[in-house]
Amino acid sequence: MGEVYTSGKRGGKPKQIDGFTGSMQIITETTTWTCPASGEYYISCIGQGGSHSWSSVSPSIYAGTGGGGGISESNLKLQKGAKINITIDAGVSSFGSELSATGGENANLKENVYNIANGGNASGGNIGNFAGEKGKNAQLTDNKLTVQGGGTSTSAKYGGAAGGICQFGNFGAVAVAFSTCPSPSHLGMYPYGSSQSWGSYDNSEMPLAYGESGYIKNGAVIIEYMG
């Protein structure tokens with residue numbers, strides 16, 4: 001089912017309903033969700049962040065971040081026992097047919113293709129539909145490169161996650177590249193929808209042609225019981 005997160009109003013106790021710890025549930029895997037109590041729910045669908053990439057095909061060296069995931073938000077009145085299909089994958093995060101958000105594009109710098117990764121989009125939200133930020137690319141300067149981009153929209157309730165960081169260093173015959181996801185500090189939870197990836201490449205035998213890191217699934221559907 002994914003992560004469970006407890007929240008409540010300052011000075012008061014979180015609402016307790018069947019199927020929840022506190023008033024919020026964060027779902028990070030595809031599942032069928034059963035509404036635990038009739039009432040109003042605040043639903044946030046957050047698309048997965050795109051993956052970073054780098055390229056050192058002569059004569060230039062570039063690195064780029066993926067795009068941030070889109071975010072769709074709605075207030076919905078739901079009945080106890082209603083079953084909602086939730087989909088979370090690299091392409092989309094959706095809450096039934098009500099609202100959905102697409103993932104950010106992966107950076108594509110193979111063979112010096114210098115494309116900017118687009119952020120994901122969103123649809124169906126009766127509160128708002130917010131596009132993810134575009135990724136950013138940069139060229140190597142003075143044997144080093146650091147670029148950060150592809151965050152989520154600051155206009156969304158659970159947006160504002162900073163984009164991931166992609167770094168590249170070229171030291172003579174040795175090429176080292178790595179990319180990371182920001183620390184899980186946004187709003188006290190993991191930075192859902194942020195551009196991201198993990199891994200490294202160390203090539204001392206020959207010039208690095210291009211590389212892509214593995215990525216972490218960071219799309220989510222956040223369900224908040226409002227009463």
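Here, each number is a calculation from the coordinates, and none is a lab measurement. Bear in mind that the values here come from a model prediction, so they are computed numbers and not experimental data. FYI the Cβ positions are ideal-geometry reconstructions off the backbone, even for glycines, and counts take in every protein chain you see.
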Just grab the label-to-label distance for GLU98 and SER155, each label 7 Å out from Cα along the Cβ direction, in nm (one decimal).
2.2
Exposure proxy ranking, count of Cβ atoms within 10 Å, fewest first, for TRP33, TRP54:
TRP33, TRP54
Of LYS83, LYS136, how do they rank once you tally other Cβ atoms within 10 Å and put the fewest first?
LYS83, LYS136
Cβ density ranking, 10 Å radius, fewest first, applied to ILE165, ILE116 yields ILE116, ILE165
Using label points projected 7 Å from each Cα along Cα→Cβ, tell me how many nm separate GLU40 and SER123, to one decimal.
2.7
